[in-house]
Structures are given as structure tokens and as C-alpha cells.
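Take a look at the structure set out below.
The values are calculated or read from the model by the stated rules, or taken from the named source; none is laboratory data. Because the structure is predicted, anything quoted here is derived from the model rather than measured. Heads up, the Cβs are rebuilt from the backbone with ideal geometry, glycines too, and the neighbour counts pull from every protein chain shown.
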Amino acid sequence: MLNKRTFLKSLLLFSAIPFTSKAKNILDEIPEELIKEKFDDFWLEIRNDYKLKPDYINLENGYFSMMAQPVLEKYLADVRMINTEASYYMRTVQFDNKQKVNDRLAELLGCASDELIITRNTTESLDTVISGIDWKAGDEAVMAEQDYGSMLDMFKQQSKRYGIVNKIISIPLHPKSDEEIVELYSNAISPKTKLLMVCHMINITGQILPIKKICEMAHKKGVEVMVDGAHAVAHFDFKISDLGCDYYGSSLHKWLGTPMGAGILYIRKEKIRALWPIYGEYSFAETDVKKLNHTGTNPVSIDIAIHHAIDYHQKIGGKRKEERLRYLQTFWTSKVTDIKKVYLNTPDNPARHCGIANVGIEGIKPADLAKILLDKYKIWTVAIDSASVHGVRITPHVYTTTNELTFFIKALKEIADSV
């Protein structure tokens with residue numbers, strides 16, 4: 001294995017290879033005290049577990065976080081095994097294996113296994129709830145403009161179909177307190193409110209919301225709460241049972257590192273009976289959460305891969321992973337706040353963020369900023385220009401180094417200076 005000094009030296013040189021000469025000069029000008037990496041042998045081993053494309057620095061891991069190679073290789077072996085066994089596997093151990101994965105997920109998430117199903121992603125999970133509620137004309141749902149677009153679209157569809165009323169609030173980028181956020185949701189609730197949707201972590205800014213306090217408030221008013229946890233699972237440490245929510249959906253291909261096509265839906269036990277399945281299902285009792293999981297034949301190798309992803313996640317350790325991601329975010333955000341014309345769309349309170357943040361530059365449209373970062377500096381990000389958020393979302397991963405983030409900081413400074 002490379003020793004730490006050799007690795008960091010080779011990494012610094014490697015990072016410069018795909019960049020323009022201008023970018024290389026910026027990299028060479030990084031002050032020595034800024035490139036000292038909090039990168040011990042453990043994180044060196046983790047980085048080596050990822051096969052990174054050398055064409056760019058990937059700071060957009062929030063959409064799909066690639067599988068670590070040990071997970072990928074085991075997943076590919078499972079694909080081959082199932083392809084060989086074919087219908088034998090499907091008619092013998094398929095369902096037992098899925099239940100074992102379901103049980104492990106329930107343990108990881110802190111909920112009962114009979115309140116959890118494996119889905120394909122957060123959208124499918126939350127749409128199952130939204131479409132499963134017995135809506136009546138005039139019923140109200142509360143949500144935020146910063147919620148994920150697919151969820152907002154589903155509520156629009158229910159409004160057209162059933163005549164429900166969608167009440168939309170806006171979350172402040174830099175709230176003064178939990179109570180400020182809770183009050184916003186509280187003020188939107190009326191006697192007609194049936195469901196409140198809230199993000200655990202807002203995907204476009206990385207802001208973590210006070211879910212438990214929001215649930216307690218809503219329940220006092222007789223309102224159910226559905227949580228969009230797309231970016232929370234395996235990102236920061238929590239237990240669903242501690243949140244007090246009625247429904248919780250998440251995607252596992254983001255921070256748990258599974259193949260694409262893996263998600264979860266949690267439904268509080270007493271809420272299962274009232275939900276209508278999307279597809280006809282009469283093999284299970286009305287109180288059995290499996291009634292909501294009838295989606296036909298599916299790629300069962302993904303179910304098994306969740307095992308491998310959990311193993312790898314536990315190898316790192318949930319708390320250690322959270323600390324690493326928060327450290328990386330704080331590393332770069334703390335160094336751009338003094339750059340003229342640069343602004344952050346993410347709270348600086350550690351309780352309100354983890355690995356994700358959003359940054360913008362005055363006078364530059366988010367799409368243009370993302371294009372400059374990619375074309376000139378070979379840094380891959382995503383532009384966000386909606387719901388009162390204007391900037392690029394930055395999502396490092398556990399393999400990201402502070403050398404790469406320092407290069408990003410220098411790129412932001414040069415772009416801001418050019419405006």
C-alpha cells in the first residue's frame with residue numbers, strides 16, 4: 001500500500017493532469033498550510049476502494065453515490081449467480097433473502113421490520129403514501145417549495161384528481177432557530193389539513209430540519225407527517241423511531257452506496273390499514289405492509305446488494321462517516337465566506353448541515369457557474385436555480401480529499417474575482 005506521504009504527493013500531481021494550464025497554476029499556488037490533509041491510513045484505504053474517473057473532480061455525489069468496488073464486485077457476482085439459477089432462485093429463496101435484507105435495514109434505521117418495505121427509490125416510496133391516502137375534496141396538504149419536484153408534482157396530480165388543496169411554505173436559508181421552522185409549518189395547518197410533508201435534509205441546500213419537533217407539533221393538531229429522507233439514510237446518524245413520523249421514504253443509492261434502484265418506505269404500524277396499494281394486492285392482510293410492495297418481478301440482485309452496502313457502511317462506521325462528511329463540508333464552506341461576492345445557501349450551524357452545501361456567486365447564474373467549473377476547472381457540480389435557491393450544490397463523498405476541495409476554493413475565488 002502507498003504510504004501517506006507518497007499518496008498525497010501523487011494525488012496532488014494527479015489532480016493537475018486533466019486541468020488546463022491556468023488551473024494547474026492555481027493548484028500550484030495553494031498555500032502549504034491549506035493542503036495538509038486530515039487523511040489518515042483509514043481514509044486512504046477507503047479512497048482506494050473507489051474507482052474514480054480522472055477527467056474531473058466529482059463534487060456531485062448526491063444524485064447517485066457510486067458503489068465502492070468491494071460492493072460492486074459482490075453485486076456483479078450476485079447478478080451472475082441469479083442469472084445462472086434463474087427461475088430456481090426466484091421460486092425458492094428470493095423472498096427469504098429479501099426478508100433478511102429487510103430485517104437488516106430495519107435494524108440499521110431503528111424501526112420494526114414489519115413497518116418497512118424495500119422500494120426502488122424515494123419517489124416511489126412517497127408516491128405510494130400520497131396516492132394511497134383516501135383524499136376527499138377540500139382536504140389540505142402542507143409542504144415547502146424546497147421539497148423535491150417529483151413529490152410536489154404528485155400532490156398537484158392529487159389536487160387535479162381529488163380536489164385537495166396544497167399549501168406551500170418556504171423554508172428560510174438561514175433560520176434563527178428550530179422554532180422558526182416549526183412555526184412556519186404550524187401556521188400553514190388548518191382543521192382541514194390531512195398530511196404534512198417535510199424534508200429531513202433539503203436536497204438542494206443540505207439543510208437538516210427539526211423533524212421530531214415538527215412531528216410533535218403536527219400530531220398535537222391531528223395531522224400526519226411524511227418525511228422525505230432521500231439524503232439522510234447513511235449520511236448522518238438517526239433512528240426513525242426517534243423522529244415520531246408516520247411515514248418515511250429514502251433512497252439507498254445515494255449515501256448507503258447500493259446500486260441504483262434501491263429505496264425504503266417506513267409506515268407506522270397503525271397507519272398501514274388505511275393506505276390503498278398502488279397495484280391490486282389481496283394476498284396480504286390490510287394491516288400487512290407488504291400489501292404496498294406488489295410491483296411485479298424486479299431485479300432481485302439489488303436486494304442482495306443492500307447486504308453488501310450495509311457491510312461496507314458498517315466497516316466505515318455510521319458516526320465516523322457522518323463526521324468525515326461534515327468535516328469536508330465545513331472545510332470548504334468556512335474558507336469561502338470571506339471571498340467577495342461568494343454566498344452560501346446552507347446554514348453554518350453544525351446541527352443544520354452535514355456533507356451537502358450550496359454556494360453561489362453574485363452576478364453569475366447557477367448554470368453558468370456550473371459550466372465554468374466543469375469547462376475550465378474540471379469540477380463536476382449541479383446547478384440549482386429554483387425555490388429561492390440560486391447556486392451550485394456541492395456534495396463531496398468519503399473519498400474526497402481536502403486537496404480537491406482546496407482546488408475548488410481557489411476556483412471559486414478566481415471566478416468571483418473575474419466578475
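Out of 159, 190, one residue alone is more than 23 Å from the chain's Cα centre (by Cα) and either assigned by TED's automatic domain parsing to the domain that holds residue 386 or under 19 Å from residue 246 (Cβ atoms) (or both). It is 190. Any residue at all in the range 3-12 that is assigned to a helix (DSSP H, G or I), loosely packed, with under 15 Cβ neighbours inside 10 Å, at pLDDT below 55 and of a type in the set (Phe, Trp, Tyr)? No, the range 3-12 contains no residue that is assigned to a helix (DSSP H, G or I), loosely packed, with under 15 Cβ neighbours inside 10 Å, at pLDDT below 55 and of a type in the set (Phe, Trp, Tyr). Within the range 323-335, the presence of a residue that is exposed (fewer than 14 other Cβ atoms within 10 Å of the Cβ), of a type in the set (Gly, Ala, Ser) and modelled with pLDDT under 95 is excluded. Selection over the range 82-112 of residues that are in contact (Cβ under 8 Å) with a residue 60 or more places away in the chain and either surrounded by 18 or more Cβ atoms within 10 Å (Cβ to Cβ) or on the phi < 0 side of the Ramachandran plot (or both) gives a count of 14. So, in the range 139-159, of the ones that are assigned to a helix (DSSP H, G or I) and among the polar types (S, T, N, Q), which residue ends up nearest to residue 187 (Cα to Cα)? Looking at the filtered set, the residue picked out is 159.
Screening the candidates 273, 268 for the property of being farther than 30 Å from residue 399 by Cβ and over 25 Å from the mean Cα position of the chain (by Cα) yields one hit, 273.
Return yes when residue 280 is part of a strand (DSSP E or B), out of contact with any Phe, Trp or Tyr (no Cβ under 7 Å at 6 or more places or on another chain) and either among the aromatic types (Phe, Trp, Tyr) or closer than 19 Å to residue 124 by Cα (or both) and no when it is not. No. If you go through the range 378-402 and keep only what is outside any loop (DSSP other than H, G, I, E, B) and hydroxyl-bearing (Ser, Thr, Tyr), you end up with 386, 395, 402. A count restricted to the range 26-77 and to residues that are outside any loop (DSSP other than H, G, I, E, B) and either of a type in the set (Ser, Thr, Tyr) or modelled with pLDDT of 85 or more (or both) stands at 19. Could we say that residue 248 is closer than 30 Å to residue 382 by Cα, touching an Asp or Glu at 6+ places or on another chain (Cβ under 8 Å), of a type in the set (Ser, Thr, Tyr) and modelled with pLDDT of 95 or more here? Considered against the rule, which asks whether it is closer than 30 Å to residue 382 by Cα, touching an Asp or Glu at 6+ places or on another chain (Cβ under 8 Å), of a type in the set (Ser, Thr, Tyr) and modelled with pLDDT of 95 or more, residue 248 comes out as no.
Scan the range 176-194 residue by residue and report those that are under 9 Å from residue 140 (Cβ atoms), among the hydroxyl-bearing types (Ser, Thr, Tyr) and assigned to a helix (DSSP H, G or I). Those that are under 9 Å from residue 140 (Cβ atoms), among the hydroxyl-bearing types (Ser, Thr, Tyr) and assigned to a helix (DSSP H, G or I): none in the range 176-194. If you check 373, 369, 405 for being over 24 Å from residue 324 (Cβ atoms) and either aromatic (Phe, Trp, Tyr) or assigned to a helix (DSSP H, G or I) (or both), only one passes: 369. Among the conditions (1) under 23 Å from residue 108 (Cα atoms); (2) at pLDDT 95 or above; (3) of a type in the set (A, V, I, L, M), residue 351 misses just one, which is (2). Do we have residue 378 as among the basic types (Lys, Arg), touching an Asp or Glu at 6+ places or on another chain (Cβ under 8 Å) and more than 30 Å from residue 49 (Cβ to Cβ) here? Judged against the criteria, residue 378 is not a match. May I ask you to verify whether residue 117 is buried (at least 21 other Cβ atoms within 10 Å of the Cβ) and more than 22 Å from the chain's Cα centre (by Cα)? Spelling it out, it is not the case that residue 117 is buried (at least 21 other Cβ atoms within 10 Å of the Cβ) and more than 22 Å from the chain's Cα centre (by Cα).
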